[in-house]
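Taken together, the values in this text are just the output of simple stated rules run on the coordinates, not laboratory data. Just so we're clear, the structure is a prediction, and the values are computed from it rather than from any experiment. So basically every Cβ, Gly included, is an ideal-geometry build from the backbone, and we count neighbours across all protein chains shown.
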Amino acid sequence: MSTVITARAALLDMDGTLVDSTAVVERLWLEWAEPHGLDRDTVLSTVHGRQGWQSMSILLPERDHAINLVENQEMLARESADTDGVVAIAGADGLLRALQGFPHAIVTSADVALMTARMGAAALTVPELAVTAERVTNSKPHPEGFLLAASTLGIDPADCVVFEDSGAGIRAGLDAGMKVIGVGPHAPAFGPAHHVDDLTQIAIAPAGDGFEIRIS
């Protein structure tokens with residue numbers, strides 16, 4: 001059976017939702033963590049969905065925040081330069097094409113350079129509106145990014161649907177008062193209203209003053 005929900009805007013995370021960058025993210029973060037003697041599983045359960053400086057502050061809570069900010073910029077540069085293995089999530093290109101003509105945006109913890117590099121490596125078109133790390137003060141799981149996207153698009157948060165894979169991102173979407181569709185195998189653990197294995201399970205069609213999302 002399929003599920004149908006209605007919305008007026010779609011807000012899409014990038015990493016893990018539109019783009020599979022897991023290999024490079026985990027490789028670079030484990031390299032960063034090694035000199036600090038951090039546990040592998042702790043690192044990997046922390047870094048997805050957050051801005052780098054916030055992950056660092058969680059993993060190294062006693063460290064000077066200024067160091068985190070400097071190392072975050074270094075990490076972003078390394079991530080932007082390393083797109084080996086970055087590919088599109090199945091169905092991502094079709095979803096972005098189906099959303100053309102409807103309000104939609106990327107809301108990502110990446111900066112503009114990293115977003116551009118990964119979307120380019122995955123051969124995906126960046127939507128007209130992208131809320132990146134430079135545009136927010138608070139990283140996911142804070143809802144600021146999603147609320148800013150909704151405000152910029154002129155759409156009430158309750159009429160937005162969020163596509164997210166990570167715990168931090170799903171929490172941010174829920175706290176923004178939006179419908180959340182979890183993407184990928186780990187998403188159900190974080191309590192989204194709906195879940196898909198990948199984006200081939202999503203179909204978009206006009207409906208009223210917005211569109212309907214059919215989840216198969």
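Give the long-range amide H neighbours of HIS195: residues separated by 5 or more places, or on another chain, with amide H under 5 Å away, using H modelled in the peptide plane at 1.01 Å from N. Excluding prolines and chain starts, which carry no amide H, the hits are GLY182. Principal semi-axes of the equivalent ellipsoid, √(5λ) from the alpha carbon gyration tensor of the chain, are 29, 17, 16 Å from largest down.
Hydrodynamic estimate: the Kirkwood radius of the range 109-157 over Cα pairs, inserted into Stokes-Einstein at 10 °C and 1.306 mPa s, corresponds to D of 137 µm²/s.
Given a cut-off of under 8 Å on Cα pairs at least six residues apart, what relative contact order in percent is computed for the chain?
Details: 417 pairs, mean separation 62.6, N = 216.
Reported relative contact order: 29 percent.
Shown in residue order for the range 209-216 are the 3J(HN,Hα) couplings computed by the Karplus curve 6.51 cos²θ - 1.76 cosθ + 1.60 at θ = phi - 60°: 8, x, 8, 10, 10, 9, 9, 9 Hz (x for Gly and Pro).
What the pair-distance distribution of the range 37-133 shows, using all Cα-Cα distances binned every 10 Å from zero, is 14, 39, 31, 13, 2 percent.
Considering only DSSP beta bridges whose two residues both sit in the range 149-216, what percent are antiparallel, to the nearest 5?
Details: 6 of 13 bridges.
DSSP beta bridges in the range 149-216 are roughly 45 percent antiparallel.
The alpha carbons of the range 104-190 give a radius of gyration and a Dmax of 12.4, 33 Å, in that order.
Pairs of Cα atoms nearer than 8 Å and 6+ residues apart set the relative contact order; for the range 35-113 it is 32 percent. Highest mean packing first, where packing is the average number of other Cβ atoms within 10 Å per residue, the peptides 188-196, 107-115, 57-65 line up as 107-115, 188-196, 57-65.
Taking amide hydrogens as placed 1.01 Å from N in the peptide plane, the amide H of VAL87 sits under 5 Å from those of ASP20, each at least 5 positions away in sequence or on another chain.
Dipole orientation for the range 62-216: of the candidates ALA193, MET115, THR132, ALA193 has the Cα lying most toward the positive pole (charges on Cβ; Lys, Arg +1; Asp, Glu -1). In this simple spin-label model, placing a label point 7 Å from the Cα along the Cα-to-Cβ direction at both THR42 and ASP209 gives a separation of 5.1 nm. When each of the peptides 177-184, 150-157, 39-46, 166-173 is scored by how many other beta carbons lie within 10 Å of its residues on average, the order from highest to lowest is 166-173, 177-184, 150-157, 39-46. Derived scalar couplings between HN and Hα for the range 129-139 equal 9, 9, 9, 10, 4, 5, 9, 10, 8, 10, 7 Hz in order, rounded to whole Hz, by the Karplus curve 6.51 cos²θ - 1.76 cosθ + 1.60 (θ = phi - 60°), x for Gly and Pro. Rounded, prolate or oblate: which fits the range 1-82 when a ≥ b ≥ c are the square roots of the eigenvalues of the alpha-carbon gyration tensor, with rounded for a/c under 1.5 and prolate only if a/b beats b/c? Judged from the Cα gyration tensor, the range 1-82 comes out prolate (a/c at least 1.5, a/b above b/c).
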